[in-house]
Structures are given as C-alpha cells and as structure tokens.
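The values are calculated or read from the model by the stated rules, or taken from the named source; none is laboratory data. Keep in mind that what you see is a predicted model, and the values were worked out from it rather than measured. Cβ sites come from the backbone with ideal geometry, for glycine too, and all protein chains shown count toward neighbours.
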Amino acid sequence: MLLARHDATEKTMILYDANAPGPNPVVVRLFVHERGGLRFDVQTIDLVGLENRKPAYLRDVNARGEVPALRLDDGRVITEITAICGYFDEVATGGRRLFGGTPEARAEIHMWTRRAYLEIVLPFVTWWRGTEAAEVAYRGHRLLMPEARRSHRLLADQGLNRLDDELEGRRFVAGDEVTMADILLYGFMGSNIATGEIPWLDVPQRPHVAAWLGRMAARASSRKMMASLEARIEN
Ligand SMILES: N[C@@H](CCC(=O)N[C@@H](CS)C(=O)NCC(=O)O)C(=O)O
C-alpha cells in the first residue's frame, strides 16, 4: 500500500519523511539541504496520526515503526539516520561531502558524530522520553523511563559542558567546516529548542555551545529543517 502511492515504473529512491518535526527526520532534512547533489522522491508519513505504527508501514517499510526510512532503487530499505545520511553522502552528485573526503577526515567526523550522539543526544532524548509530552506522543508504542530523567539530565549536562570546552576556538564540532557531527547534533538540539520541550539545552553558562547554536541557526539549511520535505528533491 505504501509503495502503491508511488509510481513503481520509475526507478528512484524514496525517503519516508514525517509530517512533524521529530528530531530524527529533522537530521535527515538538514543533511539533505546542506549536502546538495541529491535526487529522490519523498513520502510524508503521518507521524501525528501514528501511521508509522500501522501494519502497512511496519510490513512495507520499517518493522521498528520509526521514521525516517530510505527505500533504495533496488527496493531494499535503509533505516537509522546516520546510515541514511552516509548513503546519501556516497551517492550524491555534486554538493559538498559531509562525512569527509579522506580516510582520516572520515574517521574524525565519525568520532565526533558518535561522541555527540552518545554523550549528548542519547541522554537528553532519554530525559525527554520520561516526560508527559513523550507519553502523549507515543500513546503506548514505546517504553518510557521516567525514573531515568535525573541521571540522564546530568549525563547530557556533562556532555554539553565538555563540548563547551572543546568548541573554544573552533567554529564547528569537528573543525572549521560543517560536517555530519554538526548536522546530527544541531538536528536534535535545534529542533528540541524550537519546540521548547527541553529548555535547559541552551544556557548562557555554556557560551561556546551557545555561539555554535547561533552559527548553525543562521544557516539557510537550518531555517528549512523543521518543515517536511517536498514530494521530489532535486538539489
Ligand atoms: N534509531 C532511529 C530512530 C528513529 C526514531 O525514533 N524516529 C522517531 C521520530 S523522531 C519516530 O519514528 N518516533 C515515532 C515512534 O516511535 O512511534 C534512527 O536513527 O533513525
């Protein structure tokens, strides 16, 4: 059913995006706008109406019930945002690579992307998953851990404090240019700051993080990341 909405005669990738600014779809949108050189179709999944948890989506797209997902030309489906962005980085024609152009640069960018996810994003997402907003959003489809909030707020603050020190004298997370590490971190932080659900992410006591947030917010790609993608991307 989810494939039938699409013209199966034309071979093209399909990105399953969401009709809401969930941070995972936001990361991929930000990547797409920043990267350039990409061509694919988009199907917007009704995350608000939980279309992603209905049998058709679980069967045809992602058994984990999550967005985003990418259907390749040969029909196989890739999920997990770093895998989707990594694939896009490989197949894009034109634009600027965001995972690095040499083995050394790629290793450094992977290192910072992983640190950003493990030390900052995962703790604050776990904090959010203990809130009432999460309970309402998931409507029983996901295990919530309200008892983990305190420890994960502390873990996220610790990660952000460390990042604040590391950003001193540096424009972006992995160096002087925007890379996947910034895309991942800003997709999560910027979208959660915009919705107001995690007010403690941006505080004056972390001036270098605040300056980095400002630099990221000023980018044209960031101004588009909260809106669902158009039906066809050719950039
Ligand atoms: N590990 C996945 C996480 C994807 C994810 O959790 N997406 C959220 C949107 S931000 C979702 O689909 N939530 C709805 C649900 O779980 O029902 C990835 O990296 O893409």
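Every test in (1) more than 29 Å from Glu234 (Cα to Cα); (2) in a helix (DSSP H, G or I); (3) touching a residue at least 24 places away in the same chain (Cβ under 8 Å) is passed by Arg149 save one, and that test is (3).
When Ala83 is tested against the conditions (1) surrounded by 19 or more Cβ atoms within 10 Å (Cβ to Cβ); (2) over 19 Å from Leu2 (Cα atoms); (3) within 11 Å of the ligand (Cβ to nearest atom), the lone failure is (1). Tallying residues that are surrounded by fewer than 16 Cβ atoms within 10 Å (Cβ to Cβ) and among the acidic types (Asp, Glu) within the range 198-235 yields 2. Of all residues in the range 124-152, those satisfying the criterion of being under 18 Å from Thr195 (Cα atoms), modelled with pLDDT of 95 or more and out of contact with any Leu (no Cβ under 9 Å at 6 or more places or on another chain) are Val125, Trp128. Within the option set Thr113, Thr126, being outside the structural domain of Cys85 (by TED's automatic domain parsing), more than 30 Å from Gly36 (Cα to Cα) and of a type outside the set (Gly, Ala, Ser) holds for one residue only, Thr126. A single entry from Ala69, Ala137, Ala133 fulfils the requirement of being in contact (Cβ under 8 Å) with a residue 60 or more places away in the chain, of a type in the set (Gly, Ala, Ser), under 26 Å from Leu47 (Cα atoms) and within 16 Å of the ligand (Cβ to nearest atom): Ala133. Quick check: is even one residue across the range 89-105 assigned to a helix (DSSP H, G or I) and within 16 Å of the ligand (Cβ to nearest atom)? Yes, the range 89-105 contains a residue that is assigned to a helix (DSSP H, G or I) and within 16 Å of the ligand (Cβ to nearest atom).
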